[in-house]
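A quick write-up on the structure given underneath.
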Amino acid sequence: MRIVAGSLKGRRLDGPTWDGLRPTSDSLRETLFNVLGPTLDGARVLDIFAGTGAVGIEALSRGAASVTFIEQDLRAISLLKRNIAHAGVENVCVIIRDDFMKPRAQRIDPQTRFDLVFLDPPYEIVGIDTALASAAARTVPGGRVIVEHSRRRTLREAVFGATRYRILEAGDSALSFYTAGEGA
């Protein structure tokens, strides 16, 4: 894996050495950030089910101001810490060990809102609508939530004041783009 563009372009990131963690591919990340374009300048990003951290680190490389990573797997957190250190972005990253799917989870200050939320749960996860609603509740009005999911899975068009405006498919993966309304 590598950072595709921006100030950290070409920087290599470590991948998992175990089964069960599916990093977002370089090509899918490139597509994601080409769609987002220059809207990342100064953005506050929340990367849920962060895994290797590639999406959040790519966001920083392309102008985001900060990234909060949520991950529950200790192996992935160790990998995430190494990748953040290798990229030299420790001062603008926060890692929270948590299970975003549990109601008591999400140890983020309830008042904190993000400009961009990236949600990349396991493709077979149950309760994706609940996770999407929780992610949308974390965005500023007009903010965006992007969900990576299996292209065989259909997500709701609207949830908690967020409305899907685009779907991109690549291989077995899909990216659903949502924008948060004033009520989110």
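All of the numbers you see were taken from the coordinates with simple rules; none came from a lab. All values derive from a computational prediction rather than experimental measurement. Note that we place each Cβ from the backbone using ideal geometry, even for glycine, and neighbour counts take in every protein chain shown.
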Query raised in the report: Long-range amide H contacts for residue 151: which residues qualify at under 5 Å (H placed 1.01 Å from N, peptide plane, sequence gap of 5 or more or a different chain)?
Result: 173, 174
**Report entry** Longest to shortest principal axis, alpha-carbon extents of the range 26-180, angstrom
**Finding:** 37, 35, 30
**Report entry** Sites residue 154 and residue 78, calculated FRET efficiency, Cβ-Cβ separation with R0 45 Å, nearest 0.05
**Finding:** 0.85
Query - Residues with amide H under 5 Å from that of residue 181, placed H, sequence gap 5 or more - result: 142, 162, 163
